[in-house]
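J.: Below is a structure I'd like to ask you about.
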Amino acid sequence: MRDIYRSAYQVIAWLGPEADSSGHAIQTLNYIGGQVEYLEGGHLCPSPDAVEENWHDPGTELPYESQTWDAVHSLFCRGWFDRVWVIQEILLADSRALVQCGYCAIPFTIFRRAATCIKENHHASKLETRLRHLAKITNPSVGLPFDRVLRLGSQRKCKDPRDYVYGILGLAPKKLAAKFRPNYSNSVSQVYMEMTLLYSNHIQRLDILQRAYQYGRILNLPSWVPDLTARLPRKFPCSGQFSAGFSRAHFTFEAPAALSALGVQCARVTAVSSKLSSGGETASSTIRAWQPENITTIPYPNNETLQRAHLMTLRKGRVRERWVGWRNIYPSFEDWELAWLRFTRGETFKGTNEIPTTASAADRLICDAINLCIGHAYVRTDTGYVGTVPLDAEIGDIICVFLGCDFPVLLREKGLGRFVVVGECFVFGLYDATSVLGPLPAPWEVQMFKSFGNRYKYRFYNRDTKELVQEDPRLEGTDLGDWERFDHEPEPDDPPVFDYFRHKITNEVINSDPRMLPDALNARGVKLTWFML
């Protein structure tokens, strides 16, 4: 399928016959898309022939009446956009693809630019929900890690559940795709388990656990295997925590359905707050109630403050100082803190996750926080941490950091040394490999930049000297033995988080830090544990 759609002279995405002013909608999209161009990283800039030179700027109001937006919304709701198989068809064809409805057509490249521009500049909730769905095919998707390719097919329709894997293989990294042999005689459970093991072994990471939720499951699968048929609450991933640094995963499969993985037990849940399952009218009161008492006086682990921990948790760490490559999207911590203080004093709107057209900057930040936290509960732990966890979290659950996993994972003990994966979580204080390397020494902090295929590039920033380095200060001076750091162009088969090292004798290249292998961590006094999942 990959070769068919990449080699086709033209691919037509047929949305159906003309209806609901679809011709007017396509004309509108053609004009909007002609005003903007994509930059690297998915940002917009004015096109060379732009008449509307400021439409690329987020927040610019697009001057269309409600009838036009209704027509655009109806077009976006066509059934074609809800199918799994169309994703690889349109993305592989890309510049040779045409979106057609009735007698009107628009190049897919212009369609995707228009959809992105509207998403950035139009805030009516009716369109916003649909635009989030379309973003999976309108956002740039070259070289995505396979776990993110899987997300492209989520919440879409297919007759055979195995097609949530097989229907997007054309977009999988080439070396990984070559290892798959579609086999419709295998059960859905077999296909999903094989996919999980193949991908995890291929990249030597456990980031696939980001999709391994218990809440909303339909199929009877091992807890470490994602149920791709589940309709989960809309939620933002808890990525960007760098919880295991540049380590690789260590795990073994034990037939018929167990996975044993190496990690660190970090905390146990002692309190679970009210749960934010949706963004309705009670959403703002729910996250307001999450705020701990005496927030300004209670100390927090790792020499942080509870107030900072709480505010960073509500944003899942997404502030400008850390997510440097996203400066035009995320607020500074200071702006976010001021918005939260206004919110707790009742000075902002009593809002939901839907952004009002008259919203202030502070209102928008509160809406952002609600959206980031939907699908989560707020917890406290025995070690003093706060965090957001899956909706079905329980007191007594443990929080673990697996080697080769970018985020902490919530586990539930089932007896006889077995654990169930409840899901990913965000825990302020378990970021930046603190559970395996200890806290970063002052004045160092981690900054994140965009890398190839929507991956993250982590660097270490010295606030005093303004120095930005690749080497972790905690590992500086640690003997690399026969290994050396190696500059290498990123590849589609790389994991979401990676760093290259080369063996000076064999020339073997690995994408993880050899100083974070189990023996090296044990020598540092890290208590590693095997968890049977």
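J.: Residues to consider are ILE203, ILE137; find the one that is under 30 Å from LEU262 (Cβ atoms) and in contact (Cβ under 8 Å) with a residue 40 or more places away in the chain. Before the answer, list the steps.
T.: Numbers: ILE137 fails: under 30 Å from LEU262 (Cβ atoms).
Going through ILE203, ILE137 in turn, the sole match is ILE203.
J.: Might you check whether a residue that is farther than 24 Å from ASP227 by Cβ, hydroxyl-bearing (Ser, Thr, Tyr), modelled with pLDDT of 95 or more and exposed (fewer than 15 other Cβ atoms within 10 Å of the Cβ) occurs anywhere in the range 446-468?
T.: yes
J.: Are any residues in the range 152-193 in contact (Cβ under 8 Å) with a residue 12 or more places away in the chain, over 26 Å from PHE81 (Cβ atoms) and in contact with a helix residue (DSSP H, G or I) (Cβ under 9 Å, 6 or more places away or on another chain), and if so, which ones? First the steps, then the outcome.
T.: To start, the set of residues in the range 152-193 that are in contact (Cβ under 8 Å) with a residue 12 or more places away in the chain comprises 152-158, 160-177, 179-180, 182, 184, 186, 188-189, 191-193.
Next cut, over 26 Å from PHE81 (Cβ atoms) only: 174-176, 179, 186, 189, 193.
Correct list: LYS174, LYS175, LEU176, LYS179, ASN186.
J.: So how many residues does the range 513-525 have that are assigned to a loop (DSSP other than H, G, I, E, B) and either polar (S, T, N, Q) or surrounded by 17 or more Cβ atoms within 10 Å (Cβ to Cβ) (or both)?
T.: At the first step, the residues of the range 513-525 found to be assigned to a loop (DSSP other than H, G, I, E, B) are 513, 517, 524-525.
The next check asks that each one be either polar (S, T, N, Q) or surrounded by 17 or more Cβ atoms within 10 Å (Cβ to Cβ) (or both); those that pass are 513.
The total comes to 1.
J.: Tally up the residues in the range 439-481 that are at positive phi and more than 25 Å from the chain's Cα centre (by Cα), please. Explain how you work it out, then say what you get.
T.: We begin by selecting, within the range 439-481, every residue at positive phi; these are 453-454, 466, 477, 481.
Still in the list and also more than 25 Å from the chain's Cα centre (by Cα): 466, 477, 481.
Matching residues across the range 439-481 total 3.
J.: With respect to the numbered conditions (1) farther than 21 Å from SER247 by Cβ; (2) of a type outside the set (Asp, Glu); (3) in contact with a strand residue (DSSP E or B) (Cβ under 6 Å, 6 or more places away or on another chain), which one is the sole condition not fulfilled by GLY396?
T.: Condition not satisfied by GLY396: (3).
J.: On to the next question. Just the residues that are among the charged types (D, E, K, R) and at pLDDT below 90, please, taken from the range 113-149. Explain how you work it out, then say what you get.
T.: Within the range 113-149, the first condition is being among the charged types (D, E, K, R), and the residues that meet it are 113, 119-120, 126, 128, 130, 132, 136, 147-148.
Correct list: LYS119, GLU120, LYS126, GLU128, ARG130, ARG132, LYS136, ASP147, ARG148.
J.: Tell me which residues, restricted to the range 25-84, are aliphatic (A, V, I, L, M) and either within 24 Å of the chain's Cα centre (by Cα) or closer than 22 Å to ALA13 by Cβ (or both). Quick ask: steps written out before the conclusion?
T.: Residues of the range 25-84 that are aliphatic (A, V, I, L, M), as a first pass: 25-26, 29, 32, 36, 39, 44, 50-51, 62, 71-72, 75, 84.
Matches in the range 25-84: ALA25, ILE26, LEU29, ILE32, VAL36, LEU39, LEU44, ALA71, VAL72, LEU75, VAL84.
J.: For PHE242, work out the one condition from (1) touching a residue at least 40 places away in the same chain (Cβ under 8 Å); (2) farther than 26 Å from VAL319 by Cα; (3) in a loop (DSSP other than H, G, I, E, B) it doesn't fulfil.
T.: (2)
J.: Let me ask you something else. Looking at the range 156-173, can you tell me whether even one residue there is surrounded by fewer than 18 Cβ atoms within 10 Å (Cβ to Cβ), out of contact with any Gly (no Cβ under 8 Å at 6 or more places or on another chain) and within 14 Å of PRO492 (Cβ to Cβ)?
T.: For the range 156-173, residues surrounded by fewer than 18 Cβ atoms within 10 Å (Cβ to Cβ), out of contact with any Gly (no Cβ under 8 Å at 6 or more places or on another chain) and within 14 Å of PRO492 (Cβ to Cβ): absent.
J.: Taking only the range 240-268 into account, find how many residues are hydroxyl-bearing (Ser, Thr, Tyr) and surrounded by fewer than 23 Cβ atoms within 10 Å (Cβ to Cβ). Even if it seems obvious, please write down each step before you answer.
T.: Of the residues in the range 240-268, the ones hydroxyl-bearing (Ser, Thr, Tyr) are 243, 247, 252, 260.
From what is left, the residues that are surrounded by fewer than 23 Cβ atoms within 10 Å (Cβ to Cβ) are 252, 260.
Number of matching residues: 2.
J.: Also, I was wondering about something else. For the range 494-520, name all the residues that are in contact with a His (Cβ under 7 Å, 6 or more places away or on another chain) and more than 19 Å from ALA433 (Cα to Cα). Let's see the steps before the verdict.
T.: Step one: filter the range 494-520 for residues in contact with a His (Cβ under 7 Å, 6 or more places away or on another chain), giving 500, 509, 518.
VAL509, the sole residue that qualifies.
J.: Identify, by number, the condition in (1) assigned to a strand (DSSP E or B); (2) modelled with pLDDT of 90 or more; (3) not basic (Lys, Arg) that SER274 doesn't meet.
T.: Condition not satisfied by SER274: (2).
J.: Then there is this: Filter the range 472-512 for residues that are over 19 Å from VAL446 (Cα atoms) and aromatic (Phe, Trp, Tyr); which is surrounded by the most Cβ atoms within 10 Å (Cβ to Cβ)?
T.: Restricting to residues being over 19 Å from VAL446 (Cα atoms) and aromatic (Phe, Trp, Tyr), the top hit is PHE501.
J.: Just need a number here: residues in the range 482-533 that are more than 28 Å from the chain's Cα centre (by Cα) and β-branched (Val, Ile, Thr).
T.: Of the residues in that region, 3 qualify.
J.: Check whether at least one residue in the range 285-306 is among the charged types (D, E, K, R), within 22 Å of ASN371 (Cβ to Cβ) and part of a helix (DSSP H, G or I), and report yes or no. It would help to see each step written out before you state the result.
T.: The initial filter retains those residues of the range 285-306 that are among the charged types (D, E, K, R), namely 288, 293, 304.
With within 22 Å of ASN371 (Cβ to Cβ) added as a condition, the list becomes 288.
So of that shortlist, the ones also part of a helix (DSSP H, G or I) come out as 288.
For the range 285-306, residues among the charged types (D, E, K, R), within 22 Å of ASN371 (Cβ to Cβ) and part of a helix (DSSP H, G or I): present.
J.: Does PHE402 satisfy being within 25 Å of CYS238 (Cβ to Cβ) and not assigned by TED's automatic domain parsing to the domain that holds GLU304?
T.: yes
The values are calculated or read from the model by the stated rules, or taken from the named source; none is laboratory data. This structure is a prediction, so every number in the text was calculated from the model and none was measured. A quick note on method: Cβ atoms are made from the backbone with ideal geometry, for glycine too, and the neighbour counts reach across all protein chains shown.
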